[in-house]
1. Kindly state, to the nearest 0.05, the FRET efficiency for residue 459 paired with residue 361, given R0 = 56 Å and r defined as their beta-carbon distance.
2. By how many nm would the segment from residue 104 to residue 78 grow when fully extended, if each residue of separation counts as 0.36 nm and the alpha-carbon distance is taken off?
3. Give the calculated FRET efficiency between residue 69 and residue 266 to the nearest 0.05, with a Förster radius of 35 Å applied to their Cβ-Cβ distance.
4. With every protein chain present, what is the per residue accessible area of region 414-497 (1.4 Å probe, Å²)?
5. Highest mean first, how do 557-563, 221-227 rank when packing is the count of other Cβ atoms within 10 Å averaged over residues?
6. When ranked by the protection proxy of mean other Cβ atoms within 10 Å per residue, highest first, what sequence do the peptides 500-509, 170-179 form?
7. Starting from the residue with the highest accessible area, list 166, 457, 549 in decreasing order, probe 1.4 Å.
8. With a Förster radius of 51 Å, plug the Cβ-Cβ distance of residue 333 and residue 172 into 1/(1 + (r/R0)^6) and report the FRET value to the nearest 0.05.
Amino acid sequence: MYSFISFNFSSFFFTFFLLFGSLTALSPTTSSPSSSSSSSQLIIDSTAEFQGYTAISEFRLLNRRTLFQCIDPNPFLQVNISAGSGSGLSDDENVTVTVSGVLNPSHLDWVAMISPSSSSVRDCPLNKGYYIGTGDISELPLLCHYPVKAQLLSNDPDYMGCKKQECKRYRKGICKLNACVGSLTFHVINIRTDIEFVFFTNGFDAPCILKRTGTVSFANPKSPLYGHLSNIDSKGESMRLTWASGDQQPQQVQYGNGQSQTSQVATFTKNDMWSGTNKNRTHHLVATPLKSPAADFGWHDPGYIHSAVMTGLQPSTSYSYRYGSDSVGWSDKIQFRTPPAGGSPELKFIAFGDMGKAPRDGSAEHYIQKGSISVVDAMAEEVASGNIDSIFHIGDISYATGFLVEWDFFLHQIMPVASHISYMTAIGNHERHRPMYSSIPGGLTQSVDPRFVAAVEPLLINNKVDLAMFGHVHNYERMCAVYQNECKGKPTKDTNGTETYDNSNYNAPVHVIIGMAGFALDKFPLKVGSWSLVRISQFGYTRFHATKEELKVEFVNSEKRTVEDSFRIIKS
């Protein structure tokens, strides 16, 4: 998917082309090695379910494990949690899980958080029937339900050395049997269904169950949560607010001076998840349904999606709002700012691709994009300063890949920015819709598709596109003004030393890859294209400032909060 975006000013206009990035194929430059030979074989044997994904860890392959109850005669083992009040878990809190009575601590001991608590964490051999038709005859997805997150007990530095002990057997007042204790902290957000913590051993490769905590519920599973804003047009007079709740009844957004709008409500079920035909190992099309993880072991109840449009607003103006209802509760009051109207003399925005999400508690999760936290934190500081009008997330959003609870964690992560200014997104592309120029060759799928370039690149020239921004490749790379693999124009330094492209006599668009917002970074090869000017493999985002006189672009390193590259495009 792509779009042309024009910012019109009184003296000239800049035109942008944004290619919305996508899942990157498994390749030597981006994949993370698994921790055992068994995982390597599983990666080779897996079909479309895993193709196109990177960083396949032991935890991610947990759904392909046969699980058993451990044969364990230990009568002292206990798992307890310390969290919230007696009324249940809050919408956002840290939960301490303590495992006690351990006689022989192992680096293979781990604790999983599952939801809902009624989910079976045993093996489901009948699941084989869902996948045989795809031609996948390797170890099949056997886990009934996928854990939300997990941690090794060795994350507690005192666990392996048994530095925390409790006596389990006394004789004549003297302790004759000490047992070990370990504690872990889990960051828990309101995912509407109750949860349970389960103690496993034998690692992620051959796990078995030792002990369960029992059900823990949220105080208000119907809470209105994770509100985020988006534009509905370029006038700056209306803003859409979308949020999640466990409540199917319409709610309200209250904003401004007593204004209110009622939400429209939607949801979806397992039956709405994708299935279709798939090509098996012998390359024959089979008509049997290909089960998506979202309809199987990756399913989690999405609750209800509420959406309401705040109208009667003024552009470039600050307001406050809250959302919810008297019956289920209200969100906190949140300040937000409308963007400038189309044709305004100035616009400041942030753009990036390929972000995803990461845990803040050191847990293993289904899919982790470790750089996303620093990017969100840095952007939140900018948004709080009032210097940003909008955000453009140009693809590869949560990387949920069929594990629905990932969306809750992603929405929670972006709230510090998405609840205050418009956060515009687009789906990723994988087959075509990729960058036209990249120094990264790619793996199973190439970074650049020549058929896409041949079909679309002339459109950029015909429409006099000044700047083309792409995701998909996970780094930052700036090119010259390029067309058909030739530099048609290079920047010169202005009096301040900033590289400046003068598009007064238009030749070709400047191409920039901005897929460095969270996913594991791609390293650059020694040999690069002649059109490649700047290459940075660091996490961050791009900051834009458009006025009547220029378009200024800066790449911000989110971990250092420093500008690593900057350039201008001008027209006389």
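1. 0.75
2. Roughly 8.0 nm would be gained on extension.
3. 0.30
4. Heavy-atom accessible area per residue stands at 42 Å².
5. So the order, starting with the most tightly packed, is 221-227, 557-563.
6. Packing proxy ranking, top to bottom: 500-509, 170-179.
7. I get 549, 166, 457, largest accessible area first.
8. 0.20
The values are calculated or read from the model by the stated rules, or taken from the named source; none is laboratory data. Everything numeric here is computed off the predicted structure, so don't read it as measured data. Because the Cβ atoms are built from the backbone with ideal geometry, glycine has one as well, and the counts that use them run over all protein chains shown. Ligands, DNA and RNA are stripped out before the accessible areas are found, and what is left, the full protein with its side chains, is counted by its heavy atoms. Shrake-Rupley method; radii C 1.70, N 1.55, O 1.52, S 1.80 Å.
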